[in-house]
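Take a look at the structure set out below.
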């Protein structure tokens, strides 16, 4: 009888041990998206092609913003990638990208403001003008919706970059006949103007550097490098940076 009690006790002990050790179903943890939050008061993302990339580490923009907001600090992240068009914007928003170094997805950044440049100097030349502008519009619609979904508190501002020079565009970098140069200019202007139109149609704040960069209907050549007559010169970089800072302050974007 004593032996049976010992056996029963050992049996119950084994059952209890297995009960507590055997894994049981439990609620799965909820994964919460973590965004990178920079310590500065304001985080600004700039995205575009080489016209944005040329602005570099954005010291000029920060300097002008500091004049308007002396008690605030700014982190300006430059996602300008040379030789890229509007169709690459979605990738930069949602995926890791590499341009000299690795860039995290923009939607993983807790930004206060994103400046979307026109990509107009890299048009979709493999398409007809009509189809290309339609694709540009679709890409902008998708990008704006992604940004609103992922960061509803972040402000979106469009930037129309400096105009192409009718007389000199690309000189020194690419051989063009006068007729071909005019064709290039008209194509690039069409994409920049479509960018402007999209902003106006959708009530998106617009920094219109395109119009401000002209003198008597053509580009002020002081604003571009004489090596290619495309990209901003040091004077052009200061010009662009000041217009951006002026607009953000005057329109109370920040």
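Only the coordinates and a few stated rules stand behind these numbers; no lab work does. Computed from a predicted structure; not experimentally measured. With ideal geometry, Cβ positions are generated from the backbone for all residues, glycine too; neighbour counts draw on all protein chains shown.
For the stretch 127-254, state the semi-axes of the equivalent ellipsoid (square roots of 5 times the eigenvalues of the alpha-carbon gyration tensor), sorted largest first and rounded to whole angstrom.
Numbers: eigenvalues 152, 81, 25 Å².
The answer is 28, 20, 11 Å, longest axis first.
On a 0 to 90 degree scale, rounded to 10, what angle separates helix 178-201 from the longest Cα axis of the chain?
Taking the Cα atoms of the chain, the angle to 178-201 is about 50 degrees.
Explain nothing, just the number: relative contact order of the chain, from Cα pairs under 8 Å at least 6 residues apart, as a whole percent. Working shown, then result.
Numbers: 386 pairs, mean separation 50.4, N = 254.
The value is 20 percent.
At 222 nm, what value in deg cm²/dmol follows for the chain if DSSP H runs of at least 4 each add -39500 (n - 2.57) and the sum is divided by all its residues, to the nearest 500? Could you put the intermediate results ahead of the total?
Numbers: 8 runs with 107 residues, N = 254.
Dividing the helical sum by the residues of the chain leaves -13500 deg cm²/dmol.
As an exercise, use a Förster radius of 30 Å and the Cβ-Cβ distance of residue 215 and residue 69 to find the FRET efficiency, rounded to the nearest 0.05.
Step by step, r from the Cβ atoms, then E = 0.45.
So for each of 124-135, 159-170, 140-151 I average, over its residues, the number of other beta carbons within 10 Å; can you give me the resulting order with the highest mean first?
Numbers: 124-135: 14.2, 159-170: 21.8, 140-151: 15.9.
Result, highest mean Cβ count within 10 Å first: 159-170, 140-151, 124-135.
Nearest 5 is fine: what % of DSSP beta bridges in the stretch 37-250 come out antiparallel, could you say?
The antiparallel proportion sits near 20 percent.
Once you keep just the Cα pairs under 8 angstrom separated by 6 or more residues, what percentage relative contact order results for the stretch 28-161?
Worked out over the stretch 28-161, it gives 30 percent.
Just check the stretch 29-167 against the gyration tensor rule for me: Cα atoms, a ≥ b ≥ c as the square roots of the eigenvalues, rounded for a/c under 1.5, and otherwise prolate or oblate depending on whether a/b exceeds b/c. It would help to have the intermediate numbers written out before the result.
Numbers: a/c = 1.95, a/b = 1.25, b/c = 1.56.
The shape class here is oblate.
Would you please give the FRET efficiency between residue 179 and residue 246, computed as 1/(1 + (r/R0)^6) with r the Cβ-Cβ distance and R0 = 51 Å, to the nearest 0.05?
Computed FRET efficiency for residue 179 and residue 246: 0.85.
On average over all directions, what projected area in square nanometres does the chain have, based on the convex hull of its Cα atoms?
Values: hull surface 86.2 nm².
Seen from a random direction, the Cα hull of the chain projects 21.6 nm² on average.
Report, in degrees rounded to the nearest 10, the 0 to 90 angle that the Cα long axis of helix 234-250 makes with the longest principal axis of the chain.
The angle comes out near 60 degrees.
Assuming 0.36 nm per residue, please report the length gained on full extension of the stretch residue 228 to residue 149 beyond their Cα-Cα distance.
Full extension from residue 228 to residue 149 adds 24.5 nm.
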